[in-house]
1. If the reach is capped at under 27 angstrom between alpha carbons, list the lysines near K99, excluding any in the same chain fewer than eight residues apart.
2. What is the chain's relative contact order, in percent, from Cα pairs under 8 angstrom and six or more apart in sequence?
3. What's the angle, to the nearest 10 degrees (0 to 90), between helix 87-96's Cα axis and the longest principal axis of the chain?
4. Determine the calculated [θ] at 222 nm for the chain from helices alone, applying -39500 (n - 2.57) to every DSSP H run no shorter than 4 residues and normalising by the residue count; nearest 500 deg cm²/dmol.
5. When the solvent-accessible surface of protein heavy atoms is calculated with a 1.4 angstrom probe, in what order do I103, I10 fall, highest first?
6. Region 1-73: which trypsin sites (Lys or Arg not before Pro) are DSSP loop and have at most 16 other beta-carbon atoms within 10 angstrom?
7. Counting only protein chains, not ligands or nucleic acids, how are F43, F30 ordered by accessible area (probe 1.4 Å), most first?
8. Taking Cα extents along the principal axes in Å as the quantity of interest, determine which of (i) 63, 27, 24; (ii) 65, 39, 24; (iii) 43, 33, 27 was computed from the displayed structure.
Amino acid sequence: MTIGYQLRKIRQFLNLTQSQMCAGIISESFYSKVEHDKSDLSFDKLLAILKAHNISLYDFFEAFDEENLPKVKLRKQIYTAFNNPNINQLKRIKKSLNKRDTIEILKINLMLAALNRQVYEIPEEIQKEIMSNA
């Protein structure tokens with residue numbers, strides 16, 4: 001999700017044209033570039049546009065939180081299982097992941113190796129760092 005995408009969603013929800021949405025705060029052509037992620041909007045201009053349409057910051061950014069919430073919950077589960085140390089829970093979490101979750105799978109594999117004391121193939125300095133967090 002991007003600022004431009006969220007602005008477009010809100011504009012369409014309010015049934016406004018790009019000209020109406022930019023409310024004379026920025027040019028319509030610049031606003032179009034923002035919606036298409038070709039230009040960045042300053043925070044001051046974003047606030048002004050939101051204020052012109054009575055849109056709260058909370059309402060605007062809530063979609064960003066909802067998009068990232070599943071990843072945050074997953075990371076919390078992974079680190080909780082590692083810190084407790086719950087090997088079976090880490091294995092269950094790993095089994096539930098998609099192939100797209102490569103970073104999380106790698107983290108879990110490293111955590112499992114550390115908990116099973118099988119980190120001998122990892123460089124010594126990284127072994128020490130992993131073991132100090134175990």
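The values are calculated or read from the model by the stated rules, or taken from the named source; none is laboratory data. Since this is a predicted model, take the numbers as computed values, not measurements. Positions of Cβ are generated from backbone atoms using ideal geometry, with glycine treated the same way; all protein chains shown enter the neighbour counts. For accessibility, only protein heavy atoms count, side chains too; no ligands or nucleic acids. Shrake-Rupley method; radii C 1.70, N 1.55, O 1.52, S 1.80 Å.
1. K71, K73, K76, K91, K107
2. 16
3. Roughly 40 degrees, rounded to the nearest 10.
4. Calculated at 222 nm, the ellipticity per residue is -22000 deg cm²/dmol.
5. I103, I10
6. Passing sites in region 1-73 are K38.
7. The ordering from most to least exposed comes out as F43, F30.
8. (i)
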